[in-house]
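Following: one structure in structure tokens, then a few remarks.
The values are calculated or read from the model by the stated rules, or taken from the named source; none is laboratory data. Note that this is a predicted model, so its numbers are computed, not measured. Note that we place each Cβ from the backbone using ideal geometry, even for glycine, and neighbour counts take in every protein chain shown.
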Amino acid sequence: MSNAVSAENEGPGAIPGLLHLSGPCVYVAGSQGVSMTQTMPIGAVIAPVTPLQQNCTIVWCAKTLKAAVIDPGGEVDRLLKAIADKGLTLEKIWITHGHMDHAGGAAELKARTGVPIEGPHKDDQFWIDRIQDSGEMYGMPEARIFVTDRWLDDGDTVTLGETEFEVFHCPGHTPGHVVFFHRETKFAQVGDVLFQGSIGRTDFPMGNHQDLIDSITQKLWPLGEDVRFVPGHGPMSTFGAERRGNPFVGDRVVAAMKAQGAGFTIPKNNSPG
Ligand SMILES: [Zn+2]
Ligand SMILES: [Zn+2]
């Protein structure tokens, strides 16, 4: 299953500027270990949006072609065109956290399509209230405050066509940050919780470094080393690769942190989100 979600930049139906994650998935079944190829239950493309190159992802149920946009930070026209070009029907808008590069386009996308917004966790309301102000500060005057149709909490599930994603509340970067996880394909969208080689910033109001470490090590790591994730910014990685090499949450770093307690020096964090 390690190739359950394979990333490619080109191929049939490729849309320029989008990173395509769809492709066949090989399952091994039966007592004789007979291989059979099945179509993957979900498809996904990453569409980096806003000057902060935030990884907005369009995911869809392969059976029904119903789609969700995770973290529409902006560039709504482009997202709608990508959805139409792939023959998908938008059904949901999912938000990992209330920062404007992740959620600044949610209100417009909802107004133009009528689909509901799900997420983030209610503790991010104060960030949602600031979307317009921070949008003006970061050169995104079109960023707008939105009203969610459903706050999400740890253990919730969100449905998309005939498939579903699990929700994990992962505070630390923001208090109401959630992560979306598709167990069958071992695919996660983690927003600004974890990056390839880094973790989310915790120097914002209500950020908390220890909460973030706990979210990653206690909620994400148990999902499996073979989980491939889309971070809020930058390239994809796997939980296993980060456990081996991440300078903030790698297994060796976490063990050293525990051994040294308060005396442990947190490495300097230059993460993008
Ligand atoms: Zn971000
Ligand atoms: Zn953020």
Original post:
P120 passes all but one of (1) within 20 Å of I58 (Cβ to Cβ); (2) out of contact with any Gly (no Cβ under 7 Å at 6 or more places or on another chain); which number fails?
Top reply: (2)
**OP:** Could you please find all residues in region 229-273 being within 18 Å of the chain's Cα centre (by Cα), among the small types (G, A, S) and modelled with pLDDT of 95 or more?
**Re:** G232, G234, S237, G240, A241
Original post:
In region 220-231, how many are more than 20 Å from I266 (Cβ to Cβ) and either touching a residue at least 60 places away in the same chain (Cβ under 8 Å) or in contact with a His (Cβ under 7 Å, 6 or more places away or on another chain) (or both)?
Top reply: 3
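With region 139-213 as the region, which strands (runs of 3 or more DSSP E) entirely inside it contain at least 3 residues that are in contact (Cβ under 8 Å) with a residue 24 or more places away in the chain and within 14 Å of ligand 1 (Cβ to nearest atom)? Show your work before the answer.
On the way: elements: 157-160, 163-169, 178-182, 187-191.
In region 139-213, the matching strands (runs of 3 or more DSSP E) lie at 187-191.
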**OP:** Just give me the residues in region 167-206 being surrounded by fewer than 17 Cβ atoms within 10 Å (Cβ to Cβ) and closer than 21 Å to G98 by Cβ, in sequence order.
**Re:** D203, F204, P205, M206
Original post:
When you scan region 113-130, how many residues do you find that are more than 16 Å from T174 (Cβ to Cβ) and polar (S, T, N, Q)?
Top reply: 1
Original post:
If you scan region 227-273, which residues turn out to be within 16 Å of ligand 2 (Cβ to nearest atom) and within 29 Å of G43 (Cα to Cα)?
Top reply: F229, V230, P231, G232, H233, G234, S271, P272, G273
Original post:
Under 6 Å by Cβ, and 6 or more places apart or on different chains, what pairs join a residue from region 251-273 that is more than 20 Å from G240 (Cα to Cα) with one that is away from ligand 2 (no atom under 16 Å from the Cβ)?
Top reply: F264/M257; P267/P247
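Away from ligand 2 (no atom under 16 Å from the Cβ), surrounded by fewer than 19 Cβ atoms within 10 Å (Cβ to Cβ) and in contact (Cβ under 8 Å) with a residue 40 or more places away in the chain, is that true of T89?
Values: away from ligand 2 (no atom under 16 Å from the Cβ): yes; surrounded by fewer than 19 Cβ atoms within 10 Å (Cβ to Cβ): yes; in contact (Cβ under 8 Å) with a residue 40 or more places away in the chain: no.
Considered against the rule, which asks whether it is away from ligand 2 (no atom under 16 Å from the Cβ), surrounded by fewer than 19 Cβ atoms within 10 Å (Cβ to Cβ) and in contact (Cβ under 8 Å) with a residue 40 or more places away in the chain, T89 comes out as no.
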Original post:
Does F126 satisfy the criteria of being within 16 Å of ligand 2 (Cβ to nearest atom) and part of a helix (DSSP H, G or I)?
Top reply: yes
**OP:** Within region 63-86, track down each residue that is free of Cβ contacts under 8 Å to residues at least 24 places away in the same chain and either surrounded by 21 or more Cβ atoms within 10 Å (Cβ to Cβ) or closer than 14 Å to T163 by Cβ (or both).
**Re:** none
Original post:
Can you tell me which residue in region 219-240 is nearest to ligand 1 (Cβ to nearest atom), limited to those that are part of a helix (DSSP H, G or I) and surrounded by 16 or more Cβ atoms within 10 Å (Cβ to Cβ)?
Top reply: L220
Original post:
Of the residues P175, P141, P116, which is within 13 Å of ligand 2 (Cβ to nearest atom) and either under 25 Å from P41 (Cα atoms) or not small (G, A, S) (or both)?
Top reply: P175
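Considering only residues that are of a type in the set (A, V, I, L, M), assigned to a loop (DSSP other than H, G, I, E, B) and within 16 Å of ligand 1 (Cβ to nearest atom), which ones fall in region 68-123?
Step one: filter region 68-123 for residues of a type in the set (A, V, I, L, M), giving 68-70, 76, 79-80, 82-84, 88, 90, 93, 95, 100, 103, 106-107, 109, 111, 115, 117.
Narrowing the set further to residues that are assigned to a loop (DSSP other than H, G, I, E, B) leaves 88, 95, 115.
Result: I95, single match.
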Subject >> Given (1) at pLDDT below 95; (2) on the phi > 0 side of the Ramachandran plot, number of the condition G119 does not satisfy >> reply: (1)
